1. Consider Gly263 carefully, then state whether it is touching a Lys or Arg at 6+ places or on another chain (Cβ under 8 Å), closer than 21 Å to Ser70 by Cα and in the same structural domain as Cys35 (by TED's automatic domain parsing).
2. Pairs under 9 Å by beta carbon, first residue on the phi > 0 side of the Ramachandran plot in the range 54-83, partner modelled with pLDDT of 95 or more and aromatic (Phe, Trp, Tyr), six or more apart or different chains?
3. Inside the range 163-259, counting only strands (runs of 3 or more DSSP E) that do not spill past its ends, which hold 3 or more residues that are β-branched (Val, Ile, Thr), within 27 Å of Leu135 (Cα to Cα) and within 27 Å of the chain's Cα centre (by Cα)?
4. I'd like the full set of residues that are under 21 Å from Gly462 (Cα atoms) and touching a helix residue (DSSP H, G or I) at 6+ places or on another chain (Cβ under 6 Å), limited to the range 607-622.
5. Could you tell me which residue of the range 434-467 is nearest to Pro485 (Cα to Cα), considering only residues that are of a type in the set (Ser, Thr, Tyr) and free of Cβ contacts under 8 Å to residues at least 60 places away in the same chain?
6. So Glu572 ticks every box in (1) acidic (Asp, Glu); (2) within 29 Å of the chain's Cα centre (by Cα); (3) not in a helix (DSSP H, G or I) but one. Which box is left unticked?
7. Taking the residues in the range 442-462 that are crowded, with 21+ Cβ neighbours inside 10 Å and of a type in the set (Gly, Ala, Ser) as candidates, determine which candidate is nearest to Glu605 (Cα to Cα).
8. When the residues of the range 607-634 are narrowed to those that are more than 20 Å from Arg484 (Cβ to Cβ) and in contact with a Gly (Cβ under 9 Å, 6 or more places away or on another chain), which ends up surrounded by the fewest Cβ atoms within 10 Å (Cβ to Cβ)?
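The values are calculated or read from the model by the stated rules, or taken from the named source; none is laboratory data. Please read these numbers as outputs of a predicted model, since none were measured by experiment. A quick note on method: Cβ atoms are made from the backbone with ideal geometry, for glycine too, and the neighbour counts reach across all protein chains shown.
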Amino acid sequence: MKNKDLQLIANSIRVLSMDAVQKANSGHPGMPLGCADIAAVLWYRIMKYNPDDPAWPNRDRFVLSAGHGSALLYSALHLAGYGITLDDIKNFRQIGSITPGHPEFGCTPGVETTTGPLGQGFANAVGMSVASKLLADEFSGIIDHYIYAIVSDGDLMEGVSSEAASLAGHMGLGNIIFIYDDNKITIEGSTDLAFSENVRERFTAYNWHVQDVDGYNHDAIEKAVLNAQKETAKPSLIIAKTVIAKGCPSKEGSESSHGAPLGKDAVAETKINLECKYEDPFSIDRSVYDLFKKRRDELHKIYDEWKSSFGKAMKSGLKDKWDRFFTAPDIDSLRKKMPKFDPAKEIATRSASGKVLEALFAGMPNIAGGSADLGPSNKSFAKGFSESGKRRVGRNLHFGIREHAMGSIQNGIAYYGGFIPYSATFFAFLDYMRPPVRLAALSKLHCVYLFTHDSIFVGEDGPTHQPVEHVATARAIPNLTVIRPADAEETAEAWLSALGNSTGPTALILTRQDIPVVKKENRDGAQDLHKGAYIVHDAGKNPDIIILASGSEVNLSIEAAKALKEKGINAEVVSFPSWELFDKQPDDYKRTILPDSVRKKAVVELGISMGWERYAGADALYITMETFGASGPHNALAEKYGFTIQNIVNRIVDYIGK
């Protein structure tokens, strides 16, 4: 049945949404018109939130996975009292507005995730559920809420949703309640063109609780949500039969309403059809604000009761622990807990990272993560701590072979707050999770990526598993800090840098093979990693050449520099683990590392040279990988591609001309 108040709210969302799209002359009106009744039920009848405290930890989360329908979300947030004004809605899709074309985390009050690339919000919401379960385990009785989302045909077609849904069902994430906007329309037309699967049976097979409802029957929608809340052992999918552009007589059910304004005439006829009292744009019945004022009063009582319970619980000794979840980590304190590495023993940086991670798990209650079924190889499992499995979550998360979902779920954990999540896989598989890495960088999420097996020295697995272009690919993503440590000591500092970087994600690029612990000639040792580049082998006042290297190639370059000394060439070696950290340094420091007086420079890196010209210059010597690798033993690959001391020496001698 239709409820008068809910119908007024739904129609107000429709009016604001289509007027915003029309004024911008850009956007997606079809979805907001089609899902307005669902949004009305959720925001007015179901969800628990407080616009005066948008970051309330125990709020229900709402994810608009179908982010192209952002006008619906902005309209709902406006009505609910989140500080989004009518002027903000009038500035929809304009530069500098808080109502961008797709929802952006950190831009708009009440927006929980950056969505738009389809399927991402779906998986982000799964990550939020994981985080809520982990937090509830730490603080029993304090955290108890739901994760809601509106998902579309497009979301369900994208492979990331399949990966995430499978894992959510396996873990039994019962506080997930997704409403599927089943309108059977995409940009090209009917979903029959490319999508004919039985969604009910698909999600039932994933171990989800599935219901069907009429997307315009308010009582049925509410009842379905309440039923889903009772299903605590399974995530829920509510399949809502809807019509795109509902209420617009000339556009209902048509793909033409998906990604273009309705047009002035169609907007006018829609308002007549909806029995809207006002013809002027952005004009709605004022009583709708009164309805939401009443709803906010009800929600404030729930909020106040929770705050009271929270205060009592914190007095019982949990306050210090809570603060550790929601304040920045103490990096100096953590450094004291770092493992010590024997300079006489070689160790792979992936193995060093594993030792660091175990220390962090012991010292930080809010670090959580895991691998895409590569834990033993990535050294990403912390022994002695809880782990996920069938019908459970734990700080050690088993993502299965699902890199795309892993990255997106990791983002959801970061969006949720409290936890610093990490994920791990082979570096070559960055390609599988680049979309969520990019969105983490865009959203300034505090995520850590462990990418191991960082070069052709993966060896016999061959070029399918040997990253060549991947370091350049990672460095090309704005706001992603990429760190390729030279040894175990730098790896520990790289982890500390990542934990201290709260304004974006950090990727740690780690070796498979054992490498020496480099002898540092600088005063601060490996701590100079935080400067992005530092002199690790000093050639004195007038070096003939500066060698720039990262990762395992740093020690190789030092040995080459020693051999060059015997030939009368003074070569200085700079460990250059992170371009991004170096770029943040003062110009005076940069000039001490890369002085103009030294014209000759060489780059030694097991990756393509692209980008290094910013630091070494176009006329530098590049000892890099410009082709795919090959299957073979480590040492044979080094000989084949010239990553040996002798080849570096020969190349530099020829380059300098001595």
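1. No.
2. Gly81/Tyr289; Gly81/Phe292
3. Numbers: elements: 176-182, 209-214, 236-241.
Qualifying strands (runs of 3 or more DSSP E): 176-182.
4. Gly607, Ile608
5. Filtering first and then ranking leaves Tyr449.
6. Going through the list (1) acidic (Asp, Glu); (2) within 29 Å of the chain's Cα centre (by Cα); (3) not in a helix (DSSP H, G or I), Glu572 breaks only (2).
7. Checking each candidate, the answer is Ser455.
8. Per the criteria, the residue is Pro633.
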